[in-house]
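Structure record follows, encoded as structure tokens.
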Amino acid sequence: MQRNNRLRNLFTVPVIMARQLKRNALSAGLAFAGNATSNEFDEHLQNEVEREREIQKKKK
């Protein structure tokens, strides 16, 4: 069971990241246009991934 969860996480995290990237492409573009640092962007992505994980946990 634990192995399955680990495997599932390996696949779901990149999928979630890809979804978030797609969803935030415009706002990210605007952020970069506004001279946001790469660090701020990474932090923003991390927050989105954590939010998505919370949503996934609630669904279970």
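The values are calculated or read from the model by the stated rules, or taken from the named source; none is laboratory data. The model shown is predicted, which means the values in this text are computed figures rather than measured ones. Glycine also receives a Cβ, built like all others from the backbone with ideal geometry; neighbour counts cover every protein chain displayed.
Each residue in segment 23-59 was checked for being of a type in the set (Lys, Arg) and either surrounded by 11 or more Cβ atoms within 10 Å (Cβ to Cβ) or at pLDDT below 70 (or both), and 3 pass.
Of all residue pairs spaced 6 or more apart or on separate chains, those with beta-carbon atoms under 8 Å, a first member in segment 41-60 that is within 16 Å of THR12 (Cβ to Cβ) and a second member that is of a type in the set (S, T, N, Q) and part of a helix (DSSP H, G or I) are LEU45/GLN20; GLU48/GLN20; VAL49/GLN20; GLU52/GLN20; GLN56/THR12.
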